[in-house]
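Each remark here refers to the structure printed beneath this line.
The values are calculated or read from the model by the stated rules, or taken from the named source; none is laboratory data. Since we're looking at a predicted model, the values are computed, not measured. Note: ideal-geometry Cβ built from the backbone for every residue, glycine included; neighbour counts use all protein chains shown.
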Amino acid sequence: MTTEIETVTVTFEDLKADLDHYLDLRATKRLVVTHEGEQIAALGPWLPGEQRIFPPKWFWDVVAPPLPMSPDDPLALTHALEATRGYRPFT
């Protein structure tokens, strides 16, 4: 059985410009992100036997910026503490 997965190649600059569109697209298509002509990430479905590289940190800072944690929000801090201790799954 062969699985057909459509691959879309996009530059990092285009990804940044229309982030929501490409993040929605990765649900059904394999998204290959390039920067300066070099592949830096592959998102979405995996090809059989595919080995993926881990994207650089600056890539994740754009695609999934860290959520701000407020010391004034005890519930958020409690959830973060529970997640790090293994009581609550990371989401």
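Overview of results
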| item | result |
| --- | --- |
| Members of region 1-27 found to be surrounded by fewer than 12 Cβ atoms within 10 Å (Cβ to Cβ), part of a loop (DSSP other than H, G, I, E, B) and not acidic (Asp, Glu), listed by number | Met1, Thr2, Thr3, Ala27 |
| When residues of region 1-53 are limited to those that are more than 19 Å from Ala64 (Cβ to Cβ) and acidic (Asp, Glu), the one modelled with the lowest pLDDT | Glu4 |
| Selection count where residues are crowded, with 17+ Cβ neighbours inside 10 Å, small (Gly, Ala, Ser) and closer than 15 Å to Glu13 by Cβ, scope region 28-49 | 1 |
| Search result, residues across region 2-40 that are among the polar types (S, T, N, Q) and either out of contact with any Ser or Thr (no Cβ under 9 Å at 6 or more places or on another chain) or within 16 Å of Arg52 (Cα to Cα) (or both) | Thr2, Thr3, Thr7, Thr9, Thr28, Thr34, Gln39 |
| Cβ pairs under 8 Å, 6+ apart, first in region 11-26 and of a type in the set (Lys, Arg), second surrounded by 15 or more Cβ atoms within 10 Å (Cβ to Cβ) | Arg26/Leu43; Arg26/Gly44 |
| Lone unmet requirement of (1) surrounded by 15 or more Cβ atoms within 10 Å (Cβ to Cβ); (2) of a type outside the set (Val, Ile, Thr); (3) free of Cβ contacts under 8 Å to residues at least 40 places away in the same chain for Arg52 | (1) |
